[in-house]
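The values are calculated or read from the model by the stated rules, or taken from the named source; none is laboratory data. Not measured: the values here are computed from a predicted model. Cβ atoms come from the backbone with ideal geometry, glycine included; neighbour counts cover every protein chain shown. To get the accessible areas, we keep the full protein, side chains included, count just its heavy atoms, and leave off ligands, DNA and RNA. Shrake-Rupley method; radii C 1.70, N 1.55, O 1.52, S 1.80 Å.
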Amino acid sequence: MKFDPDKYKNLTSNRYDSYLKMLDFDTSSINETVDDAVSNIIEKKTKSFVIYGEPQSGKTSMMIALTAKLLDEGFKFIVILVQDNLTLERQNFDRFQKSGLNPSPKLFYDILPREVKVNDGLFVVFCKKNTSNLLKLLKRVDHVPNKIIIDDEADYASPNSKINRADEKGIQLRTRINERICNLLKKNGIYIGVTATPARLDLNNTF
């Protein structure tokens, strides 16, 4: 079979359209949400916002589509944070892998070896929200600029429950997981929380 470079280019530069074509339902809500999210980031230069979706409303499909669109827009390192639950992590990870996303998503420990060049190429990395995993990920990718974090079930563990407390020097105290995520973001990172229950994030002014 003759190699068709245009076909290969389509797979890598139109991930978003390719994914939407795979879905067997009306994707207008996904389109609207992803368009608004990308506008927030690129046009409005927003560094953090929350995407709200009712339970069973297709949030995972939206996150896959958003990830695909962000890769198409040139973002190179996307972290998907999930609850500290092995079953939920595997469910979401499997759905991302089966979506045909390019690059194929990786679990955080897959990028820990030094031979993995995290500054080169494109990465979609899954990490559970526990302090140990986040610390290992942070140490490995701390130098990677402009990371995007998509936080699934963002009301879980991410908000800072010490928001009204400071140390003896007046410095804001943070819960450990909140601090790890904040350090991952640094100054140039972008935080996107995804949740069905945004009230805690709003009240907490998370990130």
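Yes or no, residue by residue, for (1) surrounded by fewer than 17 Cβ atoms within 10 Å (Cβ to Cβ); (2) part of a loop (DSSP other than H, G, I, E, B); (3) touching a residue at least 12 places away in the same chain (Cβ under 8 Å); (4) charged (D, E, K, R):
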position	(1), (2), (3), (4)
I51	no, no, yes, no
Q56	yes, yes, no, no
I64	no, no, yes, no
A68	no, no, yes, no
I80	no, no, yes, no
Q91	yes, no, no, no
Q97	yes, no, no, no
Could we say that A196 is of a type outside the set (K, R), open to solvent by less than 60 Å² (accessible area, probe 1.4 Å) and modelled with pLDDT of 95 or more here? no
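Kindly indicate whether L201 is open to solvent by less than 60 Å² (accessible area, probe 1.4 Å), modelled with pLDDT under 95, among the hydrophobic types (A, V, I, L, M, F, W, C) and under 21 Å from V38 (Cβ atoms).
Values: open to solvent by less than 60 Å² (accessible area, probe 1.4 Å): yes; modelled with pLDDT under 95: yes; among the hydrophobic types (A, V, I, L, M, F, W, C): yes; under 21 Å from V38 (Cβ atoms): yes.
Yes, satisfied.
Take the range 177-193 and flag every residue that is part of a helix (DSSP H, G or I), farther than 13 Å from N160 by Cα and either touching a Gly at 6+ places or on another chain (Cβ under 7 Å) or open to solvent by less than 10 Å² (accessible area, probe 1.4 Å) (or both). Steps first, answer last, please.
Filtering the range 177-193 for residues part of a helix (DSSP H, G or I) gives 177-185.
Right, trim to farther than 13 Å from N160 by Cα and you get 183-185.
Correct list: L184 only.
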Checked pairs for the range 21-38, first touching a residue at least 40 places away in the same chain (Cβ under 8 Å), second open to solvent by 40 Å² or more (accessible area, probe 1.4 Å) and part of a helix (DSSP H, G or I), C-beta under 9 Å and 6 or more apart or across chains, list as A37/K69
Odd one out for A157 among (1) in a loop (DSSP other than H, G, I, E, B); (2) in contact with a strand residue (DSSP E or B) (Cβ under 8 Å, 6 or more places away or on another chain); (3) surrounded by 18 or more Cβ atoms within 10 Å (Cβ to Cβ): (2)
